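Below is one structure, written out as structure tokens, with a few remarks after it.
The values are calculated or read from the model by the stated rules, or taken from the named source; none is laboratory data. Every value quoted in this text rests on a predicted model; they were computed, and no experiment measured them. Heads up, the Cβs are rebuilt from the backbone with ideal geometry, glycines too, and the neighbour counts pull from every protein chain shown.
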Amino acid sequence: MKLAVLLAGAYLAGSVNFSILLFRVMGREDPRRRFSGNAGVTNVYRQAGMLWAAVVLLLDIGRALGVCWAALHMLAIEVVPWIGLAFIIGNRYPCFHQFRGGKGVAGYLGFTALLSPISAGASVLVWVVVYGIVRIPFIASFLMIAVLALGTISACGFRMEVVGGTAVIVLFIFNNHRQNVAAFFQGGGEAAKMPSPPGSSQENKSAE
């Protein structure tokens with residue numbers, strides 16, 4: 001019974017999309033209508049800049065921490081990754097937002113941060129370094145997810161339930177980026193790069 005309640009609760013928690021709600025409060029159009037069509041941190045950065053992207057990121061991480069905390073206190077640790085999967089599915093297919101949400105990267109970061117703070121910190125460092133080299137968000141995110149997955153398995157134990165649940169999470173998030181991968185190969189990499197945020201000097205220069 002606890003498992004069913006937490007699975008449902010995690011999905012519903014993931015279905016609350018802060019980027020969509022924030023843009024609505026700010027009087028802006030739905031973030032899914034521009035750029036990648038994704039309601040996630042990267043698309044918020046593209047449309048509203050670093051500050052609001054950071055706000056959404058912190059809200060996403062905070063919510064994920066709460067879900068993970070509940071799972072750790074109510075369930076056996078080997079089941080916890082499956083709660084994370086339900087949460088990320090809610091983020092991707094939110095029942096409150098026409099089943100069109102984010103890709104689950106920030107949510108998985110927050111969820112893993114409570115399980116393995118070291119791997120969460122290491123994954124952020126990996127993202128920053130890789131993005132600084134390639135300037136392509138989804139490639140940096142893939143390596144970040146790999147570090148988080150290793151941290152999850154290490155924290156929860158090398159049990160079949162843990163490895164299976166973590167593997168499904170990784171494959172699910174990778175699949176959520178399939179359009180980014182297609183754009184990368186079709187556009188020679190340029191199409192997948194992150195554009196400058198609004199109001200930046202680079203954006204103004206490119207518009208001249």
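Quick check on this structure: which one of Ala39, Ala70, Ala64 is in contact with a Gly (Cβ under 9 Å, 6 or more places away or on another chain), assigned to a helix (DSSP H, G or I), surrounded by 20 or more Cβ atoms within 10 Å (Cβ to Cβ) and among the aliphatic types (A, V, I, L, M)?
Ala64
Listed here are the residues, each with its yes/no results for (1) over 16 Å from His97 (Cβ atoms); (2) surrounded by 16 or more Cβ atoms within 10 Å (Cβ to Cβ); (3) at pLDDT 95 or above; (4) not basic (Lys, Arg).
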{"site": "Met1", "(1), (2), (3), (4)": "yes, no, no, yes"}
{"site": "Ser15", "(1), (2), (3), (4)": "no, yes, yes, yes"}
{"site": "Leu22", "(1), (2), (3), (4)": "no, yes, no, yes"}
{"site": "Arg34", "(1), (2), (3), (4)": "no, no, no, no"}
{"site": "Val44", "(1), (2), (3), (4)": "no, yes, no, yes"}
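Condition first: hydrophobic (A, V, I, L, M, F, W, C), touching a residue at least 24 places away in the same chain (Cβ under 8 Å) and in a helix (DSSP H, G or I). Now tell me which residues in the stretch 1-26 satisfy that.
Those that are hydrophobic (A, V, I, L, M, F, W, C), touching a residue at least 24 places away in the same chain (Cβ under 8 Å) and in a helix (DSSP H, G or I): Leu3, Leu6, Leu7, Ala8, Ala10, Leu12, Ala13, Phe18, Ile20, Leu22, Phe23.
Show me the helices (runs of 4 or more DSSP H) found entirely inside the stretch 135-200 where at least 1 residues are on the phi > 0 side of the Ramachandran plot and at pLDDT 85 or above.
Counting at least 1 such residues, we get no helices (runs of 4 or more DSSP H) at all.
Of all residues being in contact (Cβ under 8 Å) with a residue 60 or more places away in the chain and not aliphatic (A, V, I, L, M) in the stretch 38-76, which is nearest to Ala86 (Cα to Cα)? Just the residue, please.
It comes out as Gly40.
Report the residue count in the stretch 101-137 for those that are within 16 Å of Leu57 (Cα to Cα) and of a type outside the set (A, V, I, L, M).
13
Looking only at residues in the stretch 48-61 that are within 13 Å of the chain's Cα centre (by Cα) and crowded, with 16+ Cβ neighbours inside 10 Å, which one is nearest to Leu150 (Cα to Cα)?
So the residue we want is Ile61.
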